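The values are calculated or read from the model by the stated rules, or taken from the named source; none is laboratory data. This is a predicted model, so every value here is computed, not measured. Positions of Cβ are generated from backbone atoms using ideal geometry, with glycine treated the same way; all protein chains shown enter the neighbour counts. The accessibility values were calculated without ligands, DNA or RNA, using every heavy atom of the protein model including side chains. Shrake-Rupley method; radii C 1.70, N 1.55, O 1.52, S 1.80 Å.
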Amino acid sequence: MVTWKDLSAAAPDLAQVGSALLNQFGVGLAFLATVRRDGAPRLHPVCPVISGEHLFVLITPASPKHGDLVRDGRYALQTFPQPKPGSDEFSLAGRARLIDDAATRAAVLRDARHRADESEALFELGIERVLHTRWENVLTPAMRPLRRTWRAP
């Protein structure tokens, strides 16, 4: 598993597209999938933050997704769809880990574009795989996805 910085070094164009899609609405917006205790998926909207070349999410400790990530760090993150037909898609998956470092926490709270709260737990999203999908010939019978994938070494 790697950091956002590692992704940016290995596939800079993919990281650039991902950053643009994560922040396309002026604030980081994405869907976070976690694994419930019974093994079923759980899906939540979150506000991801790229800070210090790392990818983070801030989560209220009472949230079910907080418990999911502490117990089983596996996650998938999918950007919000653009408000137009055939919008690009960007997703990544890996393992999240709880971060306790005060300096990192302060930097993420400073860099967050949403109303972040100091009571929220900070998780770094380690990256195992990435998928970017563009659509060609949108809204025609010839519409097809053009996919680019990347896996951590």
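In the range 100-120 there is no residue matching the filter, namely being closer than 21 Å to residue 20 by Cα, in a strand (DSSP E or B) and not aromatic (Phe, Trp, Tyr).
Among residues of the range 40-79 being hydroxyl-bearing (Ser, Thr, Tyr) and over 20 Å from residue 18 (Cβ atoms), the one that is most open to solvent (accessible area, probe 1.4 Å) is 60. Restricting 81, 85 to residues that are under 15 Å from the mean Cα position of the chain (by Cα) and modelled with pLDDT under 90 narrows the list to 81. Selection of the range 80-98 for residues being in contact (Cβ under 8 Å) with a residue 40 or more places away in the chain and either closer than 16 Å to residue 20 by Cα or part of a loop (DSSP other than H, G, I, E, B) (or both) yields 80, 82, 85, 86, 87, 88, 89, 90, 91, 92. The residues listed here are 27, 17; of these, the one that is among the β-branched types (Val, Ile, Thr) and either closer than 16 Å to residue 126 by Cβ or part of a loop (DSSP other than H, G, I, E, B) (or both) is 27. For the range 27-39, the set of residues classified as free of Cβ contacts under 8 Å to residues at least 12 places away in the same chain and either surrounded by 14 or more Cβ atoms within 10 Å (Cβ to Cβ) or acidic (Asp, Glu) (or both) consists of 38 only.
Among the residues making up the range 117-146, those that are within 19 Å of residue 30 (Cα to Cα) and open to solvent by 70 Å² or more (accessible area, probe 1.4 Å) are 117, 129, 134.
Here the range 24-36 is the region considered, the condition is being at pLDDT 95 or above and not hydrophobic (A, V, I, L, M, F, W, C), and the residue that is nearest to the chain's Cα centre (by Cα) is 34.
When the criteria are applied in full, residue 114 meets the requirement of being in contact (Cβ under 8 Å) with a residue 60 or more places away in the chain, touching a strand residue (DSSP E or B) at 6+ places or on another chain (Cβ under 9 Å) and open to solvent by 40 Å² or more (accessible area, probe 1.4 Å).
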